[in-house]
Amino acid sequence: MTKAEIVNEISKSTGIDKSSVLTTVEKFMEIVKDSLANNEDVFLRGFGSFIVKTRSQKTARNISKGTTIIIPEHNIPAFKPAKVFMEQVKQVEK
């Protein structure tokens, strides 16, 4: 499902015009990105958590040159679904 499809679904089910819904969805995504960039997790009860994970330093190989490089420790964004969300998805699989 794309952002446009999400906006259409919300607009249809709430009766709010698409431009207002689009502005709200984009602002929500901006707030989540800004929070994660500031190393703050975002918790949405019943949905899940947007968290910052730290990847450890590791050694990688450049096969074509035959050299090794060190990839430093770095942060990555991640999503951890809530238990209720996971159970609902598992029910759909059956």
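Using only the Cα atoms of segment 40-94, build the gyration tensor, take square roots of its eigenvalues as a ≥ b ≥ c, and label the shape rounded, prolate or oblate: rounded if a/c is under 1.5, else prolate if a/b is larger than b/c, else oblate. The shape class here is oblate.
Counting Lys +1, Arg +1, Asp -1, Glu -1, what net charge surrounds GLU73 among other residues with beta carbon under 13 Å of its beta carbon? My count for the surroundings of GLU73 gives +3. Magnitude of the charge dipole for the chain, about its Cα centre and with charges confined to Cβ atoms of Lys, Arg (+1) and Asp, Glu (-1), is about 480 debye. Ligands, DNA and RNA excluded, the heavy atoms of ASP17 present near 80 Å² of accessible surface to a 1.4 Å solvent probe.
Note on exposure: LYS58, LYS65 ranked by accessible area (1.4 Å probe, complete protein assembly) read LYS65, LYS58, with the most exposed listed first. Across the accessible surface of the chain, with the other protein chains kept in place and a 1.4 Å probe, carbon and sulfur atoms take up 56 percent. May I ask for the angle, rounded to the nearest 10°, between helix 3-14 and the longest principal axis of the chain, with both axes built from Cα atoms and the value confined to 0 to 90°? It works out to around 30 degrees. Over all other residues within a Cβ to Cβ distance under 13 Å of ASP34, the charged ones net out to -2, with Lys and Arg as +1 and Asp and Glu as -1. Counting Lys and Arg as +1 and Asp and Glu as -1 over every other residue whose Cβ lies under 13 Å from the Cβ of LEU22, the net charge comes to -2.
For the chain, a Gaussian network of Cα nodes joined below 10 Å ranks ASN75, ASN38, ASN62 by mean-square fluctuation, and the top entry is ASN62. Legend: distances between Cα atoms for LYS33/LYS80; LYS33/LYS58; LYS33/LYS90; LYS18/LYS90; pairs beyond 22 Å are LYS33/LYS58; LYS33/LYS90; LYS18/LYS90. Residues in the chain average 83 Å² of solvent-accessible surface per residue, probe 1.4 Å, ligands and nucleic acids excluded.
Take every Cα pair under 8 Å whose residues are at least 6 apart in sequence, average their separation, divide by the length of the chain, and the relative contact order is 20 percent.
The values are calculated or read from the model by the stated rules, or taken from the named source; none is laboratory data. Note that this is a predicted model, so its numbers are computed, not measured. We place every Cβ from the backbone using ideal geometry, glycine too, and count neighbours over all the protein chains shown. These accessible areas exclude ligands, DNA and RNA; they are computed on the full protein's heavy atoms, side chains included. Shrake-Rupley method; radii C 1.70, N 1.55, O 1.52, S 1.80 Å.
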